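Novice: Encoded as structure tokens, here's the structure I'll be asking about.
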Amino acid sequence: MVINLFIFNFDVKKLFQYLIFCMFALLVTDRGLSFILDYLYVKTKTGQTGGKINYYLTSTKHVDFLIMGNSRSLYQIIPDSLAGNAYNLSHAGMGPSFQTGLLSVLIKQAKLPSIILLHIEPYDFIGDHENRDIQNLRYYYGKDSIVTQLINKISTTEKFKFTFQLYRYNGKGFSLLKNFVQTSSSAIDSNGYEPLPPQPTDSINTLYSVQAHEPIPAASLNPEQAEILSDFIQMCRVKNIKLICFTSPVYYESDSNFTVALDSLGAFLAKMNVPYLNYIKSPIESLENHPSLWRDANHLNHKGAQIESQRLKKDLTGLLEQE
């Protein structure tokens, strides 16, 4: 009985020591690999896994206009078309949570423009949203308070995932390595704009996507989403940044629910005294009924982007001259 008890105690002690060793090895591996990935990250200047942000943050060029938004500004607003130095910092698929977190990063890095042109998508402000797009700024978790807060809002367990620093690169490792190699192998000189070259199938794709478009269900402005936009607006005001919001055109007809959403968003921005250029309610005539200028019902190709960019330049000039 005494011998068996001694063996049991001895086995528990060894198991405890083994677990401690495993935890230590896991911690060292996590910190070591994350240190390497952090090095790759800060050296990367291309791609949407942080490289584009790094390129802008390290650029010595002064920027008058900074374009922020999703794919409908990334592929459609040509910085060189605007009156003044401009950079397109848009990221495909990113909504208000990402944009607000990114603005906080820019503020902390003291890399601010005179004017921000923020593309806003009505769909981002109606219905329920998990705002997981903020996870694309996971590198700044723990480094930027706004980014950290927005990520923690996703779920109550989110903060525990960041116990391991490698979680910041979850699902991003291969793309980060690819973009690092691309950065190292060629000189990068970019204004951030990514054109969609016209294709012979553009007209067919556009007309087909119009048929596939589904009207949105009735929905009112989501107050939580509006609050995120409000935070963006307040951050601009504190830093004396002129904010102008805009919404790119679409090829299809707006249904009544979508019109209500647009009106609600417009009323919110008017209340916040933010200029809003809405190219859905005020269409650009030369883009209407010309499917060859579109990639699909929501995105313009490069020829269409040239037209929208020129219209935006004209409207911006009018707005700024009024001040």
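Novice: The stretch 209-280: which GluC sites (Glu not before Pro) are DSSP loop and have at most 16 other beta-carbon atoms within 10 angstrom? Before the final figure, lay out the partial values.
Specialist: Numbers: sites: E224, E227, E253; in loops: E253.
Loop-located and lightly packed - E253.
Novice: Using a 1.4 angstrom probe on heavy atoms only, work out the carbon and sulfur share of the accessible area of the chain in %.
Specialist: C and S fraction of accessible area: 59 percent.
Novice: Nearest-5 percent of antiparallel DSSP beta bridges in the stretch 44-322? Could the numbers behind the result be given before it?
Specialist: On the way: 2 of 17 bridges.
Counting DSSP beta bridges with both partners in the stretch 44-322, the antiparallel share is about 10 percent.
Novice: Run the reach check for K303 against aspartates and glutamates, Cα to Cα strictly under 17 Å, same-chain hits fewer than 8 apart removed. What comes back?
Specialist: Here the aspartates and glutamates satisfying the reach criterion relative to K303 are D80, E194, D202, E285, E288.
Novice: Between T201 and S114, what length in nm is gained on full extension when 0.36 nm per residue of separation is reduced by their alpha carbon distance?
Specialist: Values: separation 87, 0.36 × 87 = 31.32 nm, distance 3.94 nm.
Additional length available on full extension: 27.4 nm.
Novice: Normalising by the residue count of the chain, find the relative contact order in percent from Cα pairs under 8 Å and 6+ residues apart. Please report the intermediate quantities before stating the final value.
Specialist: Working: 473 pairs, mean separation 75.3, N = 323.
Dividing the mean separation by the residue count of the chain yields 23 percent.
Novice: Of K13/K159; K61/K239; K52/K172, which ones are farther than 24 Å apart at the Cα?
Specialist: Numbers: K13/K159 32 Å; K61/K239 19 Å; K52/K172 14 Å.
Table pairs above 24 Å Cα-Cα are K13/K159.
Novice: In the set [x] 1.29; [y] 1.21; [z] 1.02, which value of Cα Rg over 2.2 N^0.38 Å was calculated from the structure you see?
Specialist: The calculated read-out lines up with [y].
Novice: Find the accessible area per residue for the stretch 44-322; the probe is 1.4 Å, ligands and nucleic acids are left out, and the unit is Å². Display every interim value, and only then the final one.
Specialist: Details: 12930 Å² over 279 residues.
Solvent-accessible surface per residue comes out at 46 Å².
Novice: Please sort by residue number the trypsin sites (Lys or Arg not before Pro) in the stretch 12-61 whose DSSP state is loop and whose Cβ has at most 13 other Cβ atoms within 10 Å. Let's see the in-between values first.
Specialist: Details: sites: K13, K14, R31, K43, K45, K52, K61; in loops: K45, K61.
Of the trypsin sites (Lys or Arg not before Pro), the ones in loops of the stretch 12-61 whose Cβ has at most 13 other Cβ atoms within 10 Å are K61.
The values are calculated or read from the model by the stated rules, or taken from the named source; none is laboratory data. It should be emphasised that the depicted structure is a prediction, and the values quoted were computed from it without experimental measurement. Quick reminder, even Gly has a Cβ in these numbers, built from the backbone with ideal geometry, and neighbours come from all protein chains shown. Ligands, DNA and RNA are excluded from the accessible area calculation, which covers all protein heavy atoms including side chains. Shrake-Rupley method; radii C 1.70, N 1.55, O 1.52, S 1.80 Å.
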